[in-house]
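A short worksheet on the structure shown next.
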Amino acid sequence: MTVLCFGDSITRGVGDGPAADSLPPAPAGYPARLQPLLLPETKLPLTVIDDGKPGERTPDGLVRLRRDLERNTPDYTLLLEGTNDVEDGYTSRALANMQLMIDSVFQTGGMPLLGTITPSCCAHKNQLPQGAVIAYNDQLRAIALNDSIPIVDFYAAFTAGPNPGSNSDPDAPYDSTLGLIHVPEGLHPTPNGYDLMAATARALF
């Protein structure tokens with residue numbers, strides 16, 4: 001079984017260390033943690049691919065995804081993109097491209113999984129307006145429902161914190177004291193944040 005984790009710097013694992021710009025060799029971030037979490041669940045040989053590219057916008061991501069789907073033929077593809085588009089103010093473009101990415105995964109015979117983007121906080125220089133992030137993620141949830149595919153709700157996991165049962169509101173603000181996002185950089189997850197992302201993704205398999 002092959003799982004392709006596709007996205008930008010948050011998929012690649014930027015911040016997976018003591019500083020916001022820490023970048024261990026791939027796999028890092030949540031893909032590195034997802035493989036050992038999934039191994040007990042399957043008797044099949046399992047490969048989790050970290051296919052994150054820092055700074056990527058969805059137009060470039062769509063082209064790259066189509067190429068990488070041909071190279072890897074994954075059984076599952078977890079799509080997590082749009083943070084940089086939303087920062088740039090191109091939410092509608094990102095949503096259209098995410099739908100095309102989903103269609104591309106279906107065309108190769110795999111199953112797409114759609115991730116909501118994580119919140120930002122603090123002094124992030126291009127801080128995403130919370131309303132824009134919430135609107136984008138709400139539309140992603142609607143796309144997933146319409147396409148009958150699983151949604152991996154990373155945003156809701158981050159706002160609920162390490163104990164998801166304590167907060168069931170998927171549109172709640174992020175509490176910077178939770179230690180899931182580097183402070184004051186405010187965008188990339190900490191190692192604890194990546195732990196939570198992996199656990200959130202694992203629940204969908």
request  = Please go through region 159-205 and pick out each residue that is part of a helix (DSSP H, G or I) and at pLDDT below 95.
outcome  = Thr159, Ala160, Pro164, Gly165, Ser166, Ser176, Thr177, Leu178
query = Just wondering, is there one or more residues in region 116-124 that are surrounded by fewer than 24 Cβ atoms within 10 Å (Cβ to Cβ), farther than 18 Å from Leu178 by Cα and modelled with pLDDT of 95 or more?
reply = no
ask   = Is it the case that Ala142 is out of contact with any helix residue (DSSP H, G or I) (no Cβ under 6 Å at 6 or more places or on another chain), modelled with pLDDT of 95 or more, surrounded by fewer than 16 Cβ atoms within 10 Å (Cβ to Cβ) and over 30 Å from Leu39 (Cα atoms)?
value = yes
key: Positions within region 1-20 being among the acidic types (Asp, Glu) and open to solvent by 20 Å² or more (accessible area, probe 1.4 Å), in sequence order   = Asp16
task = Could you tell me whether Lys43 is among the basic types (Lys, Arg) and touching a residue at least 40 places away in the same chain (Cβ under 8 Å)?
result = no
task = Please tell me if Leu23 is open to solvent by 80 Å² or more (accessible area, probe 1.4 Å), in a loop (DSSP other than H, G, I, E, B) and in contact (Cβ under 8 Å) with a residue 40 or more places away in the chain.
result = no
query = Is there a residue being at pLDDT 95 or above, part of a loop (DSSP other than H, G, I, E, B) and surrounded by 15 or more Cβ atoms within 10 Å (Cβ to Cβ) anywhere in region 28-44?
reply = yes
query = Mind checking which pairs have a first residue in region 50-76 that is in a loop (DSSP other than H, G, I, E, B) and a second that is of a type in the set (Lys, Arg), Cβ under 8 Å, 6 or more apart or different chains?
reply = Lys53/Arg12; Lys53/Arg64; Pro54/Arg12; Glu56/Arg64
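The values are calculated or read from the model by the stated rules, or taken from the named source; none is laboratory data. Predicted model only: the values in this text are computed from it and were never measured. All Cβ positions, glycine included, derive from the backbone under ideal geometry; neighbour counts span all protein chains shown. Please note that ligands, DNA and RNA were not included when accessible areas were found on the heavy atoms of the full protein model with its side chains. Shrake-Rupley method; radii C 1.70, N 1.55, O 1.52, S 1.80 Å.
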